[in-house]
Amino acid sequence: MDGEQDKIEQFIKLELNARDLYLLYQRLFKDDALFWKQAAEEEEQHAKVIEMTLRLPEEFPDNFIFQDLEKLKAMNKEIEETIAAYKKKPPYKKEAYGRAVYFENNAAELHYRQIAGRQDILKEFNFFQKLNKADKDHADKINALFSKQP
């Protein structure tokens, strides 16, 4: 699974990068700190689920295939660059929250594309379907919070 290891690590990194972004938001936006703390905790939990699934071969599909590794790496880089930029110059709330929705929707797309059009992947489908649902839930919650901003 050596070639697959990088793919899995990139998925874990995606969840941890989202966590780091939300922890930054927790510090920057005190009035919504609890929301961002909970979102960060959920992202960390997603990373742990991916890690644990990797350690339990019977839970992780033998035929794991991911076509969009470069897209996944690019998304990780984009989140890391956003964090670095926001640490230097904190964003306006609407910009930051819009960026979070953008990242969640793109993560959902990556999780969805992992399973789309495949017939042989019941375990993998369930796994990525859960991550996709969590991404969409986050995007919906952030959108609701975003729409309340002046």
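Which of the residues that make up the stretch 6-44 are of a type in the set (Lys, Arg) and under 16 Å from Asn105 (Cα atoms)? Across the stretch 6-44, the qualifying residue is only Arg19. Scanning the stretch 52-68 for residues that are under 18 Å from the mean Cα position of the chain (by Cα) and not hydrophobic (A, V, I, L, M, F, W, C), we see that the one that is modelled with the lowest pLDDT is Gln67. Taking the conditions (1) assigned to a helix (DSSP H, G or I); (2) crowded, with 16+ Cβ neighbours inside 10 Å; (3) at pLDDT 80 or above in turn, Lys71 satisfies each one other than (2). Of everything listed in (1) within 13 Å of the chain's Cα centre (by Cα); (2) at pLDDT 70 or above; (3) more than 30 Å from Lys30 (Cα to Cα), the single unmet condition for Asn76 is (3).
The values are calculated or read from the model by the stated rules, or taken from the named source; none is laboratory data. These numbers were taken from a predicted model, which means no experiment stands behind them. Please note: Cβ atoms are built from the backbone with ideal geometry, for glycine as well, and neighbour counts cover all protein chains shown.
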